[in-house]
Amino acid sequence: MHTQYYKPSGKTNSKSFLYLLLAILIAAPILTVVYTYAVLYIPIVYLNVGCVIGIAFGLGFAANFVVGLGKVRNQLVAILFGLIIGIAGLYFSWIIWVYYHLNASPYIDITHLELLESPEALWDVIWKINEQGTWGIGRNANAYLSGRLLTTVWGIEAIAFIGTPIFFAFTKANDPYLEEDDNWADTTKIGPFEFIFDNEILKKQLEAKNYEPLLAMGPALNDQQKSHAIFTLYHNKKRTHGKEFYLSVSNMKERIDKKGQLNFDEKRIINSIRIPKDVGTQLIAKIGTSIEVQL
């Protein structure tokens, strides 16, 4: 990739590990308590899919928050943080779920702490439950899912629990960070501009530091009702006061959905290329002559 494009510095902040600990001890347990009891008490299995999506995004946002607040610009550290948060959420969820089913029996009395301190015992119980199953689907609700099929369902759940926070954390770590300001860049979307048909020419112009064609682009005559281009500018919180500016350019291709509604498919043409301060300020000035697109 051309050296002008933004690349994370690989740095992190020691406080990020404290934020990770708080996410593990506070955010993950709270989210999983809500999720697990929702799954246990909602009788409709299909609605549980929504619960899985909800907990996945909840853990994802927690990972995003840790990486953002901790100023993590190291991709591997971000992935590790997302992995740890996801595993913690999954582990707490299993503890609550197993505790519920074990204590439904009058012959078993076990605490959450005992399950927390005994991962091997928890693992054994999980696979014993897997042999029998605890729930079914549809007309065969009394015939419990078990064995390989249940393992597959649990595997999908585990992927959602772990994969989503990894994705959120990794994505945040790749957001432009202004090292000179020691802070994440603020974002302003500017446009719409006329649809860009020759993507490669614009890329080559910017990589050659020829900014005149970019600055000469006019606003889309059709406003935002048809295909158009959008600029995403990354800058200092005071917009024109910083020294670092990065630019992304996207084409928004119009599409009519099955309901006849107008939608747009975004195609990123240029992703976070560094531009001079004077070009950044000139692009910001275009807000007065075009429409500033709200995030």
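Values computed for the structure shown
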read-out: Per-pair calculated FRET efficiency, R0 = 41 Å: Leu116 and Ser9 via Cβ, rounded to 0.05; value: 0.65
read-out: Amide H contacts under 5 Å for Gly242, placed H, 5+ residues apart; value: Asn236
read-out: Mean-position separation - Cα centroids, the stretch 26-80 and the stretch 143-194, in angstrom; value: 10 Å
read-out: Inter-label distance, nm, simple model (7 Å from Cα along the C-beta direction), Tyr46/Ile201; value: 5.2 nm
read-out: Simple label model, 7 Å out from Cα along Cβ direction - Glu179 to Phe61, nm; value: 3.3 nm
read-out: Set of lysines with alpha-carbon distance to Lys259 below 18 Å, sequence-local pairs under 8 removed; value: Lys226
read-out: Helix-derived mean residue ellipticity, 222 nm - over the chain, DSSP H n ≥ 4, -39500 (n - 2.57), to 500; value: -16000 deg cm²/dmol
read-out: Fully extended contour minus Cα-Cα distance, from Glu194 to Asp265, at 0.36 nm per residue; value: 24.0 nm
read-out: Links that overshoot a 29 Å alpha carbon limit, given the list Lys71/Lys204; Lys203/Lys253; Lys172/Lys243; Lys11/Lys253; Lys172/Lys209; value: Lys71/Lys204; Lys11/Lys253
read-out: From the coordinates shown, Cα extents along the principal axes in Å corresponds to which of [x] 78, 50, 30; [y] 58, 50, 38; [z] 66, 51, 39; value: [x]
read-out: Estimated inter-spin distance, Thr281 and Leu21, nm [label 7 Å along Cα→Cβ]; value: 4.5 nm
read-out: Check: the chain dipole with +1 on Lys, Arg Cβ and -1 on Asp, Glu Cβ, in debye; value: 680 debye
read-out: Efficiency of FRET between Thr240 and Lys209 - r from beta-carbon atoms, R0 25 angstrom, step 0.05; value: 0.80
read-out: The chain, relative contact order in percent, only Cα pairs under 8 angstrom and at least six apart counted; value: 19 percent
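We did not get these values from a lab; they are worked out from the coordinates using the rules stated. Given the structure is predicted, the values throughout are model-derived calculations rather than measurements. Note that each Cβ is placed from the backbone with ideal geometry, even for glycine, and that neighbours are counted across all protein chains shown.
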